[in-house]
Amino acid sequence: MSWLQALVLGLVQGLTEFLPISSSAHLRITSTLFFGNDAGASFTAVIQLGTEVAVLIYFAKDIGRFVAAWFRGLFSAAARQEKDYRLAWYVIIGSVPISVLGYLLKDEIRTSARNLWITATMLVVFGLLLGLADHLAKHQRDELRMKDAIGMGLAQALALIPGVSRSGGTLTAGLFLGLTREAAARYSFLLAIPAVFGAGLFSIPDVLERSGEGVQASIPQMIVATLISFVVGYATIAWLLKYVSKHSYSAFVWYRLMLGLVLMGLLSMGLLQPI
């Protein structure tokens, strides 16, 4: 991997991880279209650690409350009635589907699931679903329930397929379940922490061995790309939360549709190879 590719992909990861447009799809498309190769699922998983550190820092006070409440609830019946205790469990429960499926389907995720035809199709299909959810949603609830944790957790698992978008899938599910845009976005950020950290740490040995799928990046390139994704990701979180409090997701829906259709066109003309 060239240094330019590592820098660009770190920037792309930071910009797209929290937007409902699929960071894995953008990394796959950018790497193939501009650099002629696929950076691979392991590279993608590792540099996502940077954006998840951004979540940890941005929501540090909230996360500290949730963790403290969870530990108190292990020993106190009164503490188990706290909202923060329940939310901590919702994050844990919502992380189970993607953790289990990610482990069971790890080989398919790194190979056949990265076909660009699948990516293009998922961009369009889940763009339409996001638009439908945003249009029909009641946006009434700020407080999460168990059904929200389960529904959004299952939606997050679909993001193992590039093009679905982890944030896009969870936001779509949250909106269909009646959450406000901001509440769905906040839970989406928190829900990502266990899954993305797990995937990133699990993929570090593959990167260090410099074997397997995708073009190989050096350790310094991985570190720099991850740092860039952290800085840009932190700024993106702050911007998105402010944006969704006043706007719909329609801009992201149209962007997904156009990107998916353009990608289909490039594949049909043979200007891009699907694998």
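Check off (1) part of a helix (DSSP H, G or I); (2) closer than 22 Å to Met264 by Cβ; (3) under 16 Å from the mean Cα position of the chain (by Cα) for Leu33 and give me the number that stays unchecked.
(3)
Quick check on this structure: which one of Leu190, Leu154 is closer than 21 Å to Ala235 by Cβ and open to solvent by 10 Å² or more (accessible area, probe 1.4 Å)?
Of Leu190, Leu154, the one residue that is closer than 21 Å to Ala235 by Cβ and open to solvent by 10 Å² or more (accessible area, probe 1.4 Å) is Leu190.
Taking the residues in the range 118-144 that are open to solvent by 20 Å² or more (accessible area, probe 1.4 Å) and charged (D, E, K, R) as candidates, determine which candidate is modelled with the lowest pLDDT.
Lys138
Which fully enclosed helices (runs of 4 or more DSSP H) of the range 168-275 have 1 or more residues being among the aromatic types (Phe, Trp, Tyr), out of contact with any Gly (no Cβ under 7 Å at 6 or more places or on another chain) and at pLDDT below 90?
181-209
From the set of residues in the range 65-84 that are free of Cβ contacts under 8 Å to residues at least 24 places away in the same chain and within 24 Å of the chain's Cα centre (by Cα), which is most open to solvent (accessible area, probe 1.4 Å)?
Filtering the range 65-84 for residues that are free of Cβ contacts under 8 Å to residues at least 24 places away in the same chain and within 24 Å of the chain's Cα centre (by Cα), the one most open to solvent (accessible area, probe 1.4 Å) comes out as Arg65.
Taking Val53 as the residue in question, decide whether it is in a helix (DSSP H, G or I) and over 23 Å from Gln13 (Cα atoms).
Spelling it out, it is not the case that Val53 is in a helix (DSSP H, G or I) and over 23 Å from Gln13 (Cα atoms).
Would you point out which residue out of Ile93, Ile161 is open to solvent by 30 Å² or more (accessible area, probe 1.4 Å), outside any helix (DSSP H, G or I) and either modelled with pLDDT under 90 or within 25 Å of Gly178 (Cα to Cα) (or both)?
Only one candidate qualifies: Ile161.
Could we say that Leu19 is under 13 Å from the mean Cα position of the chain (by Cα), open to solvent by 20 Å² or more (accessible area, probe 1.4 Å) and farther than 19 Å from Thr111 by Cα here?
It is true that Leu19 is under 13 Å from the mean Cα position of the chain (by Cα), open to solvent by 20 Å² or more (accessible area, probe 1.4 Å) and farther than 19 Å from Thr111 by Cα.
Of Asp38, Asp62, which residue is among the acidic types (Asp, Glu), closer than 25 Å to Ser229 by Cα, over 15 Å from the mean Cα position of the chain (by Cα) and in a helix (DSSP H, G or I)?
Only one candidate qualifies: Asp62.
Keeping to the range 96-117, report how many residues are in a helix (DSSP H, G or I) and at pLDDT below 90.
15
The values are calculated or read from the model by the stated rules, or taken from the named source; none is laboratory data. Since the structure is predicted, the reported quantities are computational estimates derived from the model, not experimental observations. Cβ: placed from backbone, ideal geometry, glycine included. Neighbour counts: every protein chain shown. What goes into the accessible areas is simple: the full protein's heavy atoms, side chains included, and nothing from ligands, DNA or RNA. Shrake-Rupley method; radii C 1.70, N 1.55, O 1.52, S 1.80 Å.
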